[in-house]
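The values are calculated or read from the model by the stated rules, or taken from the named source; none is laboratory data. Bear in mind that the values here come from a model prediction, so they are computed numbers and not experimental data. Don't worry about glycine lacking a Cβ; one is built from the backbone with ideal geometry, like all the others, and counts go over all protein chains shown. For accessibility, only protein heavy atoms count, side chains too; no ligands or nucleic acids. Shrake-Rupley method; radii C 1.70, N 1.55, O 1.52, S 1.80 Å.
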Amino acid sequence: LFCPVLPGLPAEEPLLDSSFNIMGSPEERFHFAIDRGGTFTDVFAQCPGGHVRVLKLLSEDPANYADAPTEGIRRILEQERGVLLPRGRPLDTSHIASIRMGTTVATNALLERQGERVALLVTRGFRDLLHIGTQARPDLFDLAVPMPEVLYEEVVEVDERVLLYRGEPGAGSPVKGCTGDLLEIQQPVDLAALRGKLEGLLTRGIHSLAVVLMHSYTWAQHEQQVGTLARELGFTHVSLSSEVMPMVRIVPRGHTACADAYLTPTIQRYVQGFRRGFQGQLKNVQVLFMRSDGGLAPMDAFSGSRAVLSGPAGGVVGYSTTTYQLEGGQPVIGFDMGGTSTDVSRYAGEFEHVFEASTAGVTLQAPQLDINTV
């Protein structure tokens, strides 16, 4: 995780921004790289002067601290600076230049099915689409075929329909989608009917939605209208499939949107809790989180569907730069056995990405490093 520049892996923001309140040069401040796992948290710190400190502590120890990465940073700052920093008091960030973190918070929430309560909003007539899935059978001759679990708790059918334009009599004027396809708006969204259904979800304690409408990869307006209404009513999180992963094939797009709605609130709660441990909520500190594809993203752009392999991806980036030797090109196998999950990967000179993969029984249509998680 700690690299001045990750080769071939762009960050979503410049690594230094003029808005940061720089208290001395980066060499005079601390750089932290943290792996927050399900059982242990490892903290790597490059201290002023260039020497390195490494610290390991339990990820969950509520009797002693609220957040392991914050506690690790506190201990290193206290020991290196020789200043008492009481627990529970927000840390001064003027001596911190950057924090980079990989976390298995999303991975473990998916494996243990401890995400947010989610409702699926889908085009009328397709309520069982994600439950039916692709009908793929991992074991062709198994007589008892297990149905994959779904992440949503309830389904709401949305009265709307978009079709490819066929020029039939009475079809009306076509509209052009973002892919250039001509479309027919057979039925606009019935927002009045939808409002009552959404209010019912709120009364039942569901505050996160996955919106998956037909052909939204090219015509996103209907999903956007639904999202606007849901946010006005008070839903705390809304994942639109046209924003999460605007690609064809509604089944994997729908699963990805559901995973995003299921995991992003968990990620956001963790990030907000982490920020509260610092003065100004880390406003003037460069904080980047590792994504599933091995790149880095700012805190506000870190979402559930891109965070499933955040921690394991950091391991792949790490061993690719430390163990692989260009001479001879011998491939390297990565084996990361944690307390909750084990991750296996391979590096042979370049990062291997997949754009659709299954993790914990959920198919995600998102770029990620080719990592197998058990």
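Just wondering, is there one or more residues in the range 319-331 that are among the small types (Gly, Ala, Ser), part of a loop (DSSP other than H, G, I, E, B) and modelled with pLDDT of 90 or more?
no
Pull up the range 239-266, narrow it to residues that are among the hydrophobic types (A, V, I, L, M, F, W, C) and buried (at least 24 other Cβ atoms within 10 Å of the Cβ), then point me to the one that is nearest to the chain's Cα centre (by Cα).
Among them, the one singled out is 263.
Looking for something within 28 Å of residue 151 (Cβ to Cβ), out of contact with any Leu (no Cβ under 8 Å at 6 or more places or on another chain), among the small types (Gly, Ala, Ser) and crowded, with 21+ Cβ neighbours inside 10 Å - is there at least one such residue anywhere in the range 332-341?
Checked against the condition, which is being within 28 Å of residue 151 (Cβ to Cβ), out of contact with any Leu (no Cβ under 8 Å at 6 or more places or on another chain), among the small types (Gly, Ala, Ser) and crowded, with 21+ Cβ neighbours inside 10 Å, the range 332-341 yields no hits at all.
For (1) open to solvent by 70 Å² or more (accessible area, probe 1.4 Å); (2) touching a strand residue (DSSP E or B) at 6+ places or on another chain (Cβ under 9 Å), each residue gets a yes or a no:
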position: 83; (1), (2): no, no
position: 104; (1), (2): no, yes
position: 115; (1), (2): no, yes
position: 118; (1), (2): no, yes
position: 132; (1), (2): yes, no
position: 135; (1), (2): yes, no
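Quick test for you: out of 308, 251, 226, pick the one residue that is of a type in the set (A, V, I, L, M, F, W, C), modelled with pLDDT under 95 and part of a helix (DSSP H, G or I).
One residue alone meets the criteria, 251.
Within the range 164-174, can one find any residue that is within 30 Å of residue 207 (Cβ to Cβ) and of a type outside the set (D, E, K, R)? I'd like the intermediate steps shown before the answer.
Residues of the range 164-174 that are within 30 Å of residue 207 (Cβ to Cβ), as a first pass: none.
No, that holds for no residue.
How about the range 99-139: which of its residues are assigned to a loop (DSSP other than H, G, I, E, B) and farther than 30 Å from residue 59 by Cα?
Once the filter is applied, which keeps residues that are assigned to a loop (DSSP other than H, G, I, E, B) and farther than 30 Å from residue 59 by Cα, the range 99-139 yields 124, 125, 126, 127, 128, 133, 134, 135, 136, 137, 138, 139.
Which members of the range 202-223 meet the condition of being over 17 Å from residue 248 (Cβ atoms), in a loop (DSSP other than H, G, I, E, B) and in contact (Cβ under 8 Å) with a residue 60 or more places away in the chain?
Matches in the range 202-223: 205, 206, 207.
So, in the range 57-103, how many residues would count as being at positive phi and modelled with pLDDT of 95 or more?
0
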